[in-house]
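The structure under discussion appears below in the form of structure tokens.
Each reported figure results from applying straightforward, stated rules to the coordinates on display, with no laboratory input. Computed from a predicted model, the values in this text were never measured in an experiment. Quick reminder, even Gly has a Cβ in these numbers, built from the backbone with ideal geometry, and neighbours come from all protein chains shown.
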Amino acid sequence: MKIIGIDLAGFEKNDTGFCVFENKVVRVKIVKTDQEIINEVDKETPDLVCIDGPLTLPIQMQRKADLELKQYGALPPLLGGMRYLTMRGNRLREQLVGYRVIEVLNRATVKILGFAYNDPAERQKALLAMDIKGDIETRALTKDEVDSITAAITGYLYLEGMAQEIGDEEGIVVVPKI
């Protein structure tokens with residue numbers, strides 16, 4: 001199974017981490033624009049696309065999922081700069097026609113799995129200890145690249161039945177089972 005993990009930036013000028021996860025081997029890169037993301041997804045034809053960023057616009061300030069995941073650092077999708085990330089995520093989800101796309105929350109994943117959240121080098125070591133191979137073995141990855149791997153791992157856990165959906169019709173967020 002092939003899974004794409006995306007650590008989405010709010011603006012196209014900023015780095016977005018992009019990971020291809022297949023058989024516990026990762027390939028990571030930095031992309032910028034929505035078109036780059038779409039082109040990379042089309043090139044890979046994955047079974048699942050996992051995006052760390054809100055993919056639905058709520059009617060009110062917060063969705064049920066955000067309230068339930070607040071303890072893990074979920075922010076209201078329409079709060080300040082999150083509004084741009086939410087609009088971009090929603091637009092990207094609509095453009096990824098034909099793909100199964102889920103929203104993940106990396107902050108929840110790393111806390112549930114017990115990884116050090118703020119230190120990408122420590123998280124990279126933890127991922128290596130999980131026997132993840134590929135680019136992760138060859139160099140120090142950026143925070144965005146490590147986050148894209150985390151998003152893909154959440155998708156892997158989801159496909160293996162080890163993750164849960166939080167939320168309702170306004171938006172579902174997938175996190176590892178607690």
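How many residues does region 95-125 contain that are assigned to a helix (DSSP H, G or I) and either free of Cβ contacts under 8 Å to residues at least 40 places away in the same chain or within 16 Å of Pro58 (Cβ to Cβ) (or both)?
8
To keep it simple, each residue is scored yes or no on (1) closer than 22 Å to Leu75 by Cα; (2) out of contact with any helix residue (DSSP H, G or I) (no Cβ under 7 Å at 6 or more places or on another chain).
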residue: Val97; (1), (2): no, yes
residue: Val101; (1), (2): yes, no
residue: Asn106; (1), (2): yes, no
residue: Lys111; (1), (2): yes, no
residue: Gly114; (1), (2): yes, yes
residue: Ala126; (1), (2): no, yes
residue: Asp147; (1), (2): yes, no
residue: Thr154; (1), (2): yes, no
residue: Gly161; (1), (2): no, yes
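Restrict the check to region 11-18 and report whether at least one residue is in a strand (DSSP E or B), small (Gly, Ala, Ser) and surrounded by 21 or more Cβ atoms within 10 Å (Cβ to Cβ).
Checked against the condition, which is being in a strand (DSSP E or B), small (Gly, Ala, Ser) and surrounded by 21 or more Cβ atoms within 10 Å (Cβ to Cβ), region 11-18 yields at least one hit.
Hey, among Leu92, Leu141, Leu128, which residue is assigned to a helix (DSSP H, G or I) and more than 15 Å from the chain's Cα centre (by Cα)?
Matching residue, one of Leu92, Leu141, Leu128: Leu128.
Per-residue answers, yes or no, for (1) over 16 Å from Val28 (Cα atoms); (2) among the basic types (Lys, Arg); (3) in a helix (DSSP H, G or I):
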| site | (1), (2), (3) |
| --- | --- |
| Leu57 | yes, no, no |
| Gln62 | yes, no, no |
| Leu67 | yes, no, yes |
| Leu85 | yes, no, yes |
| Glu145 | no, no, yes |
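Which numbered condition in (1) acidic (Asp, Glu); (2) under 16 Å from Asp52 (Cα atoms); (3) surrounded by fewer than 18 Cβ atoms within 10 Å (Cβ to Cβ) is the only one that Glu160 fails?
Every condition holds for Glu160 apart from (2).
Inside region 102-141, can you point out the residues that are surrounded by fewer than 17 Cβ atoms within 10 Å (Cβ to Cβ) and of a type in the set (S, T, N, Q)?
If the condition is that a residue be surrounded by fewer than 17 Cβ atoms within 10 Å (Cβ to Cβ) and of a type in the set (S, T, N, Q), then Asn118, Thr138 are the ones that fit.
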